[in-house]
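Nothing in this text is a laboratory measurement; each read-out follows from the coordinates by a stated rule. Bear in mind the structure is a predicted one, so any value in this text is a computation, not a measurement. Counting neighbours? That spans all protein chains shown, and the Cβs are built from the backbone with ideal geometry, glycine included.
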Amino acid sequence: LCTETLDPRDFYTSLQSIGLHYSSRFMSLQAIYMGKDFILGEIKSSISTKGYIAHPVILDGCFQLVLASLAREDNHDLYLPVSCDEIRLFPPLGAHIFSKWSKRESNDRE
């Protein structure tokens with residue numbers, strides 16, 4: 001159940017305010033829906049995805065959901081993703097997809 005939404009324009013504006021400037025081609029998030037433990041993003045590319053299993057713009061949009069998940073946390077800490085347990089693709093990915101991202105806390109300090 002998605003209980004909140006985040007306007008993609010506000011999301012990209014907030015990224016610009018901390019020095020992350022995406023070109024219009026890489027501003028692929030069209031809608032951001034937030035659930036309790038996950039985020040669902042509608043991702044669309046204006047660039048042809050033909051010939052790709054996952055076009056870089058589409059894949060980057062999926063990873064932008066990680067940044068969007070931090071929007072609900074009111075801090076300005078720097079985060080560096082160090083691992084990813086699982087990525088599931090159902091190829092071929094087209095130019096318009098939905099992506100789900102779930103956060104899992106880790107206590108490992110290795």
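DSSP loop (so not H, G, I, E, B), at most 14 other Cβ within 10 Å: list which GluC sites (Glu not before Pro) in segment 3-103 pass both filters.
Numbers: sites: GLU4, GLU42, GLU73, GLU86; in loops: GLU73, GLU86.
Hits after loop and neighbour filter: GLU73, GLU86.
Enter the mean projected area of the convex hull around the alpha-carbon atoms of segment 1-62, in nm², rounded to one decimal.
Details: hull surface 19.4 nm².
Computing the convex hull of the Cα atoms and averaging its projections yields 4.9 nm².
Other residues with beta-carbon under 12 Å from the beta-carbon of ILE43 carry, at +1 per Lys or Arg and -1 per Asp or Glu, a net charge of 0.
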